[in-house]
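Student: Below is a structure I'd like to ask you about.
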Amino acid sequence: MNKDELNKEAVKTTLASIKIAWQTDPKLWRSLVLNKKFWEEVSHLLEAIADWGEQDDALLAKVVARFKSETANLPLDIQVKKLADLLLGGWKNTKMQASLRQELKELTDRINKKSAKS
C-alpha cells in the first residue's frame, strides 16, 4: 500500500470506530467524547497521518483565539452552533478547494494538449 492508501485506511478505521461507538450506545459515545485522553490519542494518530507541524499549530492557535474572542459573550447554544459551523466549514472548504484544483488541472491538461497539437 502506498502512503495515500494507508492514510485513507487509517481515516476509514477512525471513522468506523466513531460510528460503531455512536450506533452501539449514544450514552457511551457521549462519555467517550468527554474523555480528554481519548481525543489526545485520536489527535496524535491524525497528526501523524497529516504530517502536522509547527505551522499548523500556529494557525490553530490563531483560529482558537479568534473563535474564543468572537463567541465569549454569546449563549452556549449559539457557541455550539458556531463551533459546528467552523468545524464543518473547514471540511466543506477543503472539499471545494480540491474540486477547484481538479477542474484547474483538467483545464490545464486540455490547454496543453491543444498546444501540443498546434
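Computed from the coordinates by the stated procedures, all read-outs in this text should not be read as laboratory data. All of these numbers come straight from a predicted model, not from anything done at the bench. Heads up, the Cβs are rebuilt from the backbone with ideal geometry, glycines too, and the neighbour counts pull from every protein chain shown.
Student: With respect to residue 52, determine if the residue is within 21 Å of residue 89 (Cα to Cα), hydrophobic (A, V, I, L, M, F, W, C), surrounded by 10 or more Cβ atoms within 10 Å (Cβ to Cβ) and without any contact (Cβ under 8 Å) to a residue 12 or more places away in the chain.
Tutor: Considered against the rule, which asks whether it is within 21 Å of residue 89 (Cα to Cα), hydrophobic (A, V, I, L, M, F, W, C), surrounded by 10 or more Cβ atoms within 10 Å (Cβ to Cβ) and without any contact (Cβ under 8 Å) to a residue 12 or more places away in the chain, residue 52 comes out as yes.
Student: Sticking with this structure for a sec: Only one residue in 69, 31 is surrounded by fewer than 11 Cβ atoms within 10 Å (Cβ to Cβ) and either touching a Cys at 6+ places or on another chain (Cβ under 9 Å) or free of Cβ contacts under 8 Å to residues at least 40 places away in the same chain (or both), so which one is that? Full working, then the answer.
Tutor: Working: 31 fails: surrounded by fewer than 11 Cβ atoms within 10 Å (Cβ to Cβ).
Only one candidate qualifies: 69.
Student: Another one. In the list 63, 80, which residue meets the criterion of being within 16 Å of the chain's Cα centre (by Cα) and β-branched (Val, Ile, Thr)?
Tutor: Just a single option satisfies the conditions, and that option is 63.
Student: Just for helices (runs of 4 or more DSSP H) wholly inside segment 1-113: which have at least 2 residues that are aliphatic (A, V, I, L, M) and touching a helix residue (DSSP H, G or I) at 6+ places or on another chain (Cβ under 6 Å)?
Tutor: 3-24
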